[in-house]
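Only one structure is covered here, and it is reproduced in the block below.
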Amino acid sequence: MSRQIYINGQFFDSENAKISVYDHGLLYGDGVFEGMRIYGGKVFRLKEHLVRLEESGRAIGLPFPISMEQLAEDVNATVKKNAIEDGYIRLVVTRGSGPLGLDPFKCSDPQVIIIADSITLYPESFYENGLELVTASTIRNHPAALSPRIKSLNYLNNILAKMEGLKAGCVEALMLNHKGEVAECTGDNLFIVKNGRLSTPPVEAGILQGITRDAVLELAREAGIETSECPMTRHDIYVADECFLTGSAAEVIPAVKLDGRDIGDGNVGPITKKLNEAFRKLVRQ
Ligand code: PMP
């Protein structure tokens, strides 16, 4: 189905939505992006996503060609133009085109791209029965090399780990950080439940500070569940009662096995179910 794709303030049919092959977003992964969900025609936590996008841009020294207010309007206009009730948005800002060299200062036309489309990431059975994880040997980018807090167009670190997971028959893989602690999965944050307490690795572990992660932490606190953001190892997951992942695309998805070991009794746990229900309610508010 043809979609109306936004590029720099104009709409194009998907077949005619084109970017220069000299764009450093393509040549070097030089750019930033966001992935957001649309629920009932409304973008979930648009403001928070735009703040993170702007911070990613600042972190790589990429000034945006339009104001954040205009960008918010344009995201909403793209959703409307495509008449999407429930779907997904990919918002991309590239460095723009320049000569064939790394120098980002020679690129003068950053491209703002907004794609609104439908999405089905995982089959419903994964949400009901949980998915299986394997630990990738590829560690998450060292924060001093390329901070995982930047949602950049350079996703090779995650892609390499994702390939390991898929080759092992798992749709998601666990990524450790340079200290051997749990960081996150290739496209999701990770939570565990132990003795009724909810824990997730802190931002300092080298993770993307997920918008869904923040929402779930809020929901847990509102439900009177004790929460903590503290470093954890794989051992903590092996001996956890429950585990689940969060992400805009994945939403809240239970994980019931890691490296061939059952997590808890190998079934989706009650706190995971409760938070998933609360999340599904929140996004429809
Ligand atoms: N970690 C990584 C590496 C991601 O790419 C994502 C987004 N897909 C997340 C975590 C989850 O972030 P959010 O909840 O903001 O989508």
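The values are calculated or read from the model by the stated rules, or taken from the named source; none is laboratory data. Only a predicted model underlies this, so the values are computations on that prediction, with no experimental measurement involved. Using ideal geometry, Cβ is built from the backbone for each residue, glycine included, and neighbour counts are taken over all protein chains shown.
Observations, loosely collected:
- Residue in region 100-111 that is away from the ligand (no atom under 16 Å from the Cβ), under 24 Å from R37 (Cβ atoms) and either at pLDDT 95 or above or within 19 Å of the chain's Cα centre (by Cα) (or both) present: yes
- Members of region 110-126 that are in contact (Cβ under 8 Å) with a residue 24 or more places away in the chain and either of a type in the set (D, E) or in contact with a Pro (Cβ under 7 Å, 6 or more places away or on another chain) (or both): P110, V112, D117
- Of the criteria (1) more than 16 Å from L153 (Cβ to Cβ); (2) surrounded by fewer than 19 Cβ atoms within 10 Å (Cβ to Cβ); (3) not small (G, A, S), which one V75 fails: (2)
- Residue among A278, A240 that is within 16 Å of the ligand (Cβ to nearest atom) and either touching a residue at least 12 places away in the same chain (Cβ under 8 Å) or not in a helix (DSSP H, G or I) (or both): A278
- Reported count of residues in region 177-199, each being closer than 22 Å to T227 by Cβ and more than 11 Å from the ligand (Cβ to nearest atom), is 12.
- In region 27-51, the residues that are touching a residue at least 60 places away in the same chain (Cβ under 8 Å) reach residues that are assigned to a strand (DSSP E or B) and of a type in the set (D, E, K, R) with C-beta atoms within less than 6 angstrom, at least six apart or across chains, in these pairs: G35/R90; F44/R37; H49/E34.
- Filter result for G41 (under 20 Å from R3 (Cβ atoms) and either within 16 Å of the ligand (Cβ to nearest atom) or in contact with a His (Cβ under 8 Å, 6 or more places away or on another chain) (or both)): no
- Residue ID - nearest to the ligand (Cβ to nearest atom), chosen from residues in region 154-173 that are among the aliphatic types (A, V, I, L, M) and buried (at least 21 other Cβ atoms within 10 Å of the Cβ): A161
- Close pairs from region 82-108: first under 16 Å from G9 (Cα atoms), partner exposed (fewer than 13 other Cβ atoms within 10 Å of the Cβ), Cβ under 7 Å, at least 6 apart: G96/S108
- Tallying residues that are over 17 Å from I271 (Cα atoms) and within 14 Å of the ligand (Cβ to nearest atom) within region 200-228 yields 10.
- Strands (runs of 3 or more DSSP E) contained entirely in region 1-91, each with at least 3 residues that are in contact with a Phe, Trp or Tyr (Cβ under 8 Å, 6 or more places away or on another chain) and either within 23 Å of T246 (Cα to Cα) or aliphatic (A, V, I, L, M) (or both): 31-39
- Set I159, I114: member being of a type in the set (A, V, I, L, M) and in contact with a Phe, Trp or Tyr (Cβ under 7 Å, 6 or more places away or on another chain): I114
- Selection status of D265, charged (D, E, K, R) and over 23 Å from the mean Cα position of the chain (by Cα): yes
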